[in-house]
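Accompanying notes for the structure given below.
The values are calculated or read from the model by the stated rules, or taken from the named source; none is laboratory data. Treat the numbers as computed from the prediction; the structure is a model and nothing was measured. Heads up, the Cβs are rebuilt from the backbone with ideal geometry, glycines too, and the neighbour counts pull from every protein chain shown. Remember, those area values only see protein heavy atoms, side chains included, never the ligands or the DNA or RNA. Shrake-Rupley method; radii C 1.70, N 1.55, O 1.52, S 1.80 Å.
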Amino acid sequence: MKIDPALRSAAWQAQSLLVGYPDETLHRNLHLLGAVAVALPPPVGDPVARFLAHVQRSSLFELAADYVATFDHRKRFSPYLTYFAYGDTRKRGVALLRFKQAYQAAGLQLSEEELPDHLSVVLEFAASGHAETGVRLLTEHRAGLELMRRGLHETGSPWADVLDSVIATLPALAGREEDAITRLIAEGPPEESVGLAPFTPPQYLPDPAMPQQRRNHVARQPG
């Protein structure tokens, strides 16, 4: 859908926080996030408002436990965008490098503890004045986003609302993207059982034991 660029950036910033690991930053910003949701067009803002209502009804411990159970223990909901297109294969390492190069070309440097394809990181990058590149990265992995969104709805996850809001900021699905989604649903991400380790460093693979890395951080200016 068409949306004012400033409002779209505000939406991405809010979504980045909401799809990151829940911590005190989320609770401290509830009032601001609520104001952003009201200012956004309904297809983008209403899902954010619904998720914020869930946050207000939940303790931070409950949110964190639900987040880990949803995103860290189910590859189907992996927040690492390259996983859906490349699975645990050699090609995934190259795809991750493309994310890093996009950030570097924009004059930004990702902190060492962050993974470049985490949805929270990509959204915050897009919100920080790099909308064109951010949209390109998101739409290149649209099939994975859509698969995640549909799966979250099927399981009744509150994070389905956040994905609804993200999708509403992107161009409408094209025919080839619908085909890619259908294939991904039928076949799942690619698999490769041999020779993987030298090509894809372990820090780039989803790690359910490291939820602290899901906190939202922008790619920061070097120095």
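State all residues of the range 1-32 that are part of a loop (DSSP other than H, G, I, E, B) and either touching an Asp or Glu at 6+ places or on another chain (Cβ under 8 Å) or aliphatic (A, V, I, L, M) (or both); if no residue qualifies, say none. Within the range 1-32, M1, I3 qualify.
Contact map, the range 102-130: first residue more than 25 Å from Y67 (Cα to Cα) and in contact (Cβ under 8 Å) with a residue 60 or more places away in the chain, second residue open to solvent by 30 Å² or more (accessible area, probe 1.4 Å) and of a type in the set (D, E, K, R), Cβ cut-off under 7 Å, separation 6 or more or different chains; pairs are L108/R220; Q109/R220. T82 - would you say it is closer than 18 Å to L119 by Cα and among the β-branched types (V, I, T)? Spelling it out, T82 is indeed closer than 18 Å to L119 by Cα and among the β-branched types (V, I, T). Looking for whichever is small (G, A, S) and open to solvent by 10 Å² or more (accessible area, probe 1.4 Å) here; the options are G87, G107. Which one fits? On inspection, the qualifying residue turns out to be G107. Could you tell me whether R57 is closer than 22 Å to L30 by Cα and surrounded by fewer than 16 Cβ atoms within 10 Å (Cβ to Cβ)? Against the criterion (closer than 22 Å to L30 by Cα and surrounded by fewer than 16 Cβ atoms within 10 Å (Cβ to Cβ)), R57 qualifies. Considering only residues in the range 8-33 that are free of Cβ contacts under 8 Å to residues at least 24 places away in the same chain and not aliphatic (A, V, I, L, M), the one that is least open to solvent (accessible area, probe 1.4 Å) turns out to be N29. With respect to A160, is the statement that it is closer than 24 Å to A64 by Cα, modelled with pLDDT of 95 or more and not in a loop (DSSP other than H, G, I, E, B) true? Considered against the rule, which asks whether it is closer than 24 Å to A64 by Cα, modelled with pLDDT of 95 or more and not in a loop (DSSP other than H, G, I, E, B), A160 comes out as yes.
Only one of the listed residues (L119, L115, L137) is closer than 22 Å to A49 by Cβ and crowded, with 20+ Cβ neighbours inside 10 Å. That residue is L119.
Contact annotation: no residue pair with Cβ atoms under 8 Å, 6 or more positions apart or on different chains, pairs a residue in the range 77-90 that is more than 23 Å from W159 (Cα to Cα) with a partner that is open to solvent by 10 Å² or more (accessible area, probe 1.4 Å) and of a type in the set (S, T, Y).
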